[in-house]
Amino acid sequence: MMQGLLFPKANVITQTEGIKYAGSKLKLLGDIIRTAQELPGDSVWDAFSGTTRVSQALAKNGYRVISSDRSVWSEQFATCYLLNSHRRSYYRDLFQHLNALPPVDGWFSQHYGAETAYGDGGLKRPWQLKNTRKLDAIRSEIDRLHLSPTDKAVALTGLMLALDKVDSTLGHYVSYLRDWSPRSYNNLHLEIPNFTPYDGLHRAERGDVFDLVDKIQADIAYFDPPYGSNNEKMPPSRVRYDAYYHIWTTVCLNDRPELFGKANRRVDSSDSVSASVFEEFRRSPSGRFIAVEAIERLIRAVQCPYIILSYSSGGRATAGELMDLMSSYGRLLRVRKIDYRRNVMADMRWTNEWTKAISEPNKEFLFVMEKN
């Protein structure tokens, strides 16, 4: 593999775009990039890319990026921000056309829009009806235009970013606010995403990480798996990312799926269908947490010589378990505790430091290892 970045190391670039997301690493981008810069190599596999903020930042800092996720909406973000060779001005006419469409009553308005926050029958809705009517018109037109995959991804990304700015939620779509949020009164308006033109430097993949792990080679793997809570009393449905962000799947596919529940979730986002093994709260017959075993399986299989693993103090795995399994498959180079509220990043050197740190609420950690 080529050594040396496409651009020399300088000030870290962290300007990215994305939707509100419970797993977002927006405030940690600088720490993640600086940690990657301490390792040799110029290519990174971002294996749980989500809104692709980490992938975007890596690309802007000179890395060749392979962005992957199992979500269709994440694939659209990755295609928009990493695979586009056009300048933003290329999309000016398209976005003007989409914004000028007259609103219509359609499927999205029926299920996700309302004149009042409680909607018909007292059920809360995430958007005001004026904005779902625009959504119905724009989403139908995107399909009618038969855009190229990249152009469609840019249009869908612009639509999701616009919808995110006028919703009436706490940032997820398993429940909605009782009263309209101030931002929900604004009018839906699409803006061209602020992407950087690239020409074949990066890749975007969609699929389960275990289906991809044997096919992807890079210098560094960045893992930020979705992790379930370590609260034994918390039901698993509270931490399922597919449940939280089901609406973006529907916006991308426009497939009018079967819905259930007060939040009108997609049936295929139910826990029995969409649960990730990394969010699993139960133990296996061996007595270990299934989520920890999944992390070990991934570390064992990955072909990248260096691994950066993001993990939270609220996750199911313990410090000792993560340190032990990493040491079993290579050399643990460092562990970093990040308190992003105080803008502090510190290396952890001793197990007793870990024991104290892991009990602190809402701390993020970066494990850095070199595989054997």
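Quick note: the coordinates plus some simple rules give every number you see, no bench work behind them. Please read these numbers as outputs of a predicted model, since none were measured by experiment. Neighbour counts run over all protein chains shown; Cβ positions are idealised from the backbone, glycine included.
One table, with the values for the structure above:
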{"read-out": "Relative contact order computed over region 53-145 (Cα-Cα under 8 Å; 6+ residues apart), in percent", "value": "22 percent"}
{"read-out": "Under 17 Å from the Cα of Lys165 - lysines, other chains or at least 8 residues apart", "value": "Lys20, Lys130, Lys134"}
{"read-out": "For region 40-157, size of Cβ-based charge dipole, Lys and Arg +1, Asp and Glu -1, in debye", "value": "280 debye"}
{"read-out": "Segments 109-115, 291-297, 255-261 sorted - mean Cβ within 10 Å per residue, highest first", "value": "291-297, 109-115, 255-261"}
{"read-out": "Extension gain from Arg256 to Glu370, taking 0.36 nm per residue of separation minus the Cα-Cα distance", "value": "36.5 nm"}
{"read-out": "Distant-in-sequence amide H partners of Ala221 (H built 1.01 Å from N, under 5 Å)", "value": "Trp45, Tyr306, Ile307, Ile308"}
{"read-out": "Net length gained if the chain between Asp214 and Thr196 were fully extended (0.36 nm per residue, minus Cα distance)", "value": "3.5 nm"}
{"read-out": "Förster radius 51 Å - calculated FRET efficiency between His97 and Ala301 (Cβ-Cβ, nearest 0.05)", "value": "0.65"}
{"read-out": "Net charge of Cβ neighbours under 11 Å - reference Ala221; Lys, Arg +1; Asp, Glu -1", "value": "-2"}
{"read-out": "Peptides 185-191, 69-75 ordered by average Cβ neighbours within 10 Å, highest first", "value": "69-75, 185-191"}
{"read-out": "Charge dipole of region 30-116 about the Cα centre (unit charges at C-beta), most positive-ward option of Leu101, Ser85, Ala114", "value": "Ser85"}
{"read-out": "Gain in span if fully extended, Val12 to Ser148, counting 0.36 nm per residue against the direct Cα distance", "value": "45.7 nm"}
